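Quick note: the coordinates plus some simple rules give every number you see, no bench work behind them. In this text the structure is predicted, and so the values were computed from the model without any measurement. Please note: Cβ atoms are built from the backbone with ideal geometry, for glycine as well, and neighbour counts cover all protein chains shown.
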Amino acid sequence: MAYNYIRVEDVKFHAPPIEWKQRDGSSVIAGVLPQEPYTPERLKALDEEYSRRMDEHRRMRQQMTTKTFDIPSKSDPNKTYQVTQHIDGTWECECKGYEFRRNCSHIEKAKGML
C-alpha cells in the first residue's frame, strides 16, 4: 500500500475555530490544536498503525460474517470443497452440484458439524 506524503513545509494553514450554540444556549468552540509535526518517521508509524487496524477490522468482520468448512469429496479423496455459512444463514459450496441444485451433500455434512 503506497501513500503520497505531504511535506511539513507545505502545510501553512490551520482550520479556523468553529463556534456553535448548544441547546442550553452556551457556546462551544472547536478548532485544530497544534500537534507534533508530521515527520517521515511519524507518518510511517501512522501508516503502519492504520494498516494494522484495517487488517484487524477485515479479519474480525470476516469472522463475524462467515464460517467456512473444508469438506472432502466422496468421489476423489484428494479433493476438498469449501462450504461457507454466511451470517444471514445462507450456505454456499464451490462444487458443481451446488452450482446446479443450490444444495449438495457437502453442505449437509457441514451442517452436521455444527
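Ranking request for peptides 100-107, 58-65: highest mean number of other beta-carbon atoms within 10 Å first, then the rest in descending order.
Put in order of decreasing packing, that is 100-107, 58-65.
Let a ≥ b ≥ c be the square roots of the eigenvalues of the Cα gyration tensor of region 70-114; is it rounded (a/c under 1.5), or, if not, prolate (a/b larger than b/c) or oblate?
oblate
Between Asn103 and Lys67, what length in nm is gained on full extension when 0.36 nm per residue of separation is reduced by their alpha carbon distance?
Length gained, Asn103 through Lys67: 11.3 nm.
Could you calculate the contour length gain from Leu114 to Asp88, that is, 0.36 nm times the residue separation minus the distance between their Cα atoms, to one decimal place in nm?
My answer for the length gained is 7.8 nm.
Please give me the summed charge of the neighbours of Lys109: other residues whose Cβ is under 13 Å from its Cβ, Lys and Arg +1, Asp and Glu -1.
Once all neighbours under 13 Å are counted, the net charge is 0.
State the extension gain, in nm to one decimal, for the chain segment bounded by His57 and Arg23, taking 0.36 nm per residue of separation less the distance between their alpha-carbons.
So the chain would gain 8.6 nm between His57 and Arg23.
Dipole of region 66-113 (Lys/Arg Cβ +1, Asp/Glu Cβ -1, origin at the Cα centre): which of Ile71, Ser105, Gln85 lies farthest to the positive side?
Farthest along the dipole direction, towards plus: Ser105.
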